[in-house]
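The values are calculated or read from the model by the stated rules, or taken from the named source; none is laboratory data. Since the model is a prediction, treat every value here as computed from it, not as a measurement. Cβ atoms come from the backbone with ideal geometry, glycine included; neighbour counts cover every protein chain shown.
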């Protein structure tokens, strides 16, 4: 099983590597950090920098309501303790929705922690954390969010690692009505990020740099109170009957589900659904549903 899964992961990574991305000049804007965020390589890449004074971040120019968002990221190399690199979707306000990838740095030679979370109507606390099966600082890898009316799927190099399903019929809120922008950032969180804050950022190694490229949003753009979807996206049950609608109807196949479960068994280090100390009266409702 392990050999088959690894072969599948490597094959998918090869396919992802040839995917074409958007242009940061057209699709994104530096949102904070002044000149610490820089678009490079003619718009194909963007670098975020963290120094003792400030981190930096960028956001998409468009808001989206459902889509498939891909980002290739190369994380801060070497001693990245105390740093957090993020790639996420978020709406605004106290009852916001949010879908998070966060990468918690570590001391040299120790693995990053990949932290995922889903917020609905301002409520999060749905954390799952992973170690990656590769060194994310040596080359670019593709991190994807597939967000449709029934699923939020997190994927790494095309391999699903988490599937948050729509269980609204069972009383579980799902992010489906608030348009969200894409955000990314690099910032100092040494009060909690590495070993619970015991290891601080080593500023003699600064500036820290995380690199992004091939940002691609195959998504429905929210504009003037309406959703504008890519040509070929099917939004109704009637249109979807008997046909595939790409990410709009995407769910995990049996093979994809097995790959996800393999990743979770081998590389998951925290799952809120199994944290009985945190939930002595019982885990959240979605944890009991499949």
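Numbers at a glance
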read-out: Filtered residues of the range 252-269 (kept if touching a residue at least 12 places away in the same chain (Cβ under 8 Å), surrounded by fewer than 13 Cβ atoms within 10 Å (Cβ to Cβ) and within 21 Å of residue 286 (Cβ to Cβ)); value: 269
read-out: Residue match in the range 91-104 (condition: more than 20 Å from residue 181 (Cβ to Cβ) and modelled with pLDDT of 95 or more); value: yes
read-out: Selection status of residue 60, at pLDDT 95 or above, in a loop (DSSP other than H, G, I, E, B), in contact with a helix residue (DSSP H, G or I) (Cβ under 7 Å, 6 or more places away or on another chain) and closer than 18 Å to residue 32 by Cβ; value: no
read-out: Leading residue by the ranking (modelled with the highest pLDDT) among those in the range 11-37 that are within 22 Å of residue 62 (Cα to Cα) and assigned to a loop (DSSP other than H, G, I, E, B); value: 33
read-out: Residues of the range 178-226 classified as within 21 Å of residue 248 (Cα to Cα), part of a loop (DSSP other than H, G, I, E, B) and without any contact (Cβ under 8 Å) to a residue 12 or more places away in the chain, total; value: 1
read-out: The range 227-249 - residue that is at pLDDT below 50 and not in a loop (DSSP other than H, G, I, E, B) and, of those, farthest from residue 163 (Cα to Cα); value: 238
read-out: Members of the range 81-94 that are under 19 Å from the mean Cα position of the chain (by Cα) and in a loop (DSSP other than H, G, I, E, B); value: 91, 92
read-out: Search result, residues across the range 46-57 that are in a strand (DSSP E or B) and farther than 19 Å from residue 116 by Cβ; value: 46, 47, 48, 49, 50, 56
read-out: Residue match in the range 31-43 (condition: within 17 Å of the chain's Cα centre (by Cα) and crowded, with 18+ Cβ neighbours inside 10 Å); value: no
